[in-house]
Structures are given as structure tokens and as C-alpha cells.
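Following: one structure in C-alpha cells, then a few remarks.
The values are calculated or read from the model by the stated rules, or taken from the named source; none is laboratory data. Bear in mind that the values here come from a model prediction, so they are computed numbers and not experimental data. Backbone-built Cβ (ideal geometry, glycine too); neighbour counts: all protein chains shown. Just so you know, the surface numbers come from the protein's heavy atoms only, side chains and all, with ligands and any DNA or RNA stripped out. Shrake-Rupley method; radii C 1.70, N 1.55, O 1.52, S 1.80 Å.
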Amino acid sequence: TIESSIMSPAPTARSTPSHHRETAFVAAMTVVGLVVRIWGLGRLGLVHFDEGVYAIAGYWSLPPGGLDPTAIPYAPPGFPFLVGLFYLVIGPSDVSAILISILMGALVTPVSAWLARRTFGPGAGATASALAALSGFHVAFSRMALTDATFSLAWLLGLIAAQRFLERPGLMTAVT
């Protein structure tokens, strides 16, 4: 009856079959986005001046260590730190520096889906994930040791944080 449908709680968005389909689609798009970005990884190399500067700035983590002061005006603060960490784990190479952008670019897919679904509702996450995973420009910049893919991820995370703050303003949401 109408009364029982009004009085019974509506199913949560997380328990609906459409949400499960959308989540599966976003996961599939994330894998597709990663494959497209990592394809031919061994043939990728540093070809841009900025890539070389970021790669050199990443040598802070290797002996004799220290950040090259001449790289400071060119390299943004976070990216060379990540390059240095990858140099420690994988070893210094073009692929180590490029792999950061590939991973950050692939992470843009589920993060953009989450933001889109939260902002625009069901279905928007699937659309956003497909656009992020298969965007030619984003794929191209994710295959270089440049900061574009990392910035895109940081920007989306900043939008999520701002959205959460606007939903529940307060000191804790401002800090987290």
C-alpha cells in the first residue's frame, strides 16, 4: 500500500543493485584507465625539460643526498618528493619518475567517479569514470613525468574536502 511504502525506510543508495553495477563499472574503468596509461611502459622516457628537472630533483633520496638547490625554482614541492620515494623503492630511472604520473592518473578515475556520484547522483559516477579513464589528454599527461596527473588528483581531493566542509561546516571538517 501507499502508506507502507511511505512509512518504510527507503533503501540506502549503497544497497541498490544500480549502485553495485555502477561500482563494478567504475572498477572496470579504473583497470582500463590503468592499462591504457601503462601500455608500453618500457618504451616511455623523459622527453620534456620539466620532466628532467623533476627527475633530477628526485635524487634527494639517494646518496650523497640532498635537494639540488638549482631545481627548487622549477620543481613543485610534492612531486620531487614522490620521485625520490620511487627512486628508493624501484631505483632511479625514467620509468620510476613516469610511474608516479601513471598511478596518480589511474587514481583520478575512481576519485572523479566518487565526486560525481556524490555531487550529481546515481549514474554520474560511471560517466565521470569513463571520461577520466579514456580522456586522451589525461592519458597523455599521465604517461609523462609531469605534475598534471598528480595535480588533477590533488584538485579532485580538494574539491571533495571542500564539499564535505560545505555539507558540515566546522573546525574538524576544515582540518580534515
Lys/Arg Cβ at +1, Asp/Glu Cβ at -1, dipole of the chain taken about the Cα centre: which of T173, I38, P17 is farthest positive-ward?
P17
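Can you give the calculated 222 nm mean residue ellipticity of the chain, where each DSSP H run of n ≥ 4 adds -39,500 (n - 2.57) and the sum is split over every residue, rounded to the nearest 500 deg cm²/dmol? Before the final figure, lay out each step's value.
Values: 9 runs with 120 residues, N = 176.
-21500 deg cm²/dmol, from helical runs alone.
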Can you send over the solvent-accessible area of S61, 1.4 Å probe, protein chains only, in Å² to the nearest 10?
20 Å²
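What relative contact order, as a whole-number percentage, does the stretch 59-176 give when Cα pairs under 8 Å and 6 or more residues apart are counted? Present the calculation step by step, with values, prior to reporting the outcome.
On the way: 120 pairs, mean separation 27.4, N = 118.
Value for the stretch 59-176: 23 percent.
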Among the Cα-Cα pairs of the chain, the proportion with separation greater than 24 Å, in percent, is 50 percent
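Compute the Cα gyration tensor for the stretch 109-176, then decide on rounded, prolate or oblate, letting a ≥ b ≥ c be the square roots of its eigenvalues: rounded whenever a/c is under 1.5, prolate when a/b is larger than b/c in the other cases, and oblate in all that remain.
Values: a/c = 4.62, a/b = 1.48, b/c = 3.12.
It is oblate, given that a/c is not under 1.5 and a/b is not larger than b/c.
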Starting from the Cα of L134, step 7 Å along the direction of its Cβ; do the same at V32; then give the gap between the two resulting points in nm.
0.5 nm
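Leaving ligands, DNA and RNA out of it, rank I56, I102 by accessible area with a 1.4 Å probe, largest first.
Details: I56 90, I102 0 Å².
Ranking I56, I102 by accessible area, largest first, yields I56, I102.
Show me the ranking of peptides 20-27, 138-145 by mean Cβ neighbours inside 10 Å, starting with the highest.
Values: 20-27: 16.0, 138-145: 21.6.
Sorting 20-27, 138-145 by mean packing, highest first, produces 138-145, 20-27.
Tell me, what % of the accessible area of the chain is carbon and sulfur with a 1.4 angstrom probe? Could the numbers behind the result be given before it?
Values: 7710 of 10480 Å².
C and S atoms contribute 74 percent here.
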Simple SL model, points at 7 angstrom along Cα→Cβ for T173 and S18; separation in nm is 2.5 nm
Considering only F137, A161, P122, whose Cα is most displaced toward the positive end of the charge dipole of the chain, charges sitting on Cβ of Lys, Arg (+1) and Asp, Glu (-1)?
P122
At a 1.4 Å probe radius, which order do W155, W114, W39 fall into by accessible area, largest first?
W39, W155, W114
Return the distance in nm (one decimal) between the two label points of a simple spin-label model at R164 and L41, each offset 7 Å from Cα along Cα→Cβ.
2.9 nm
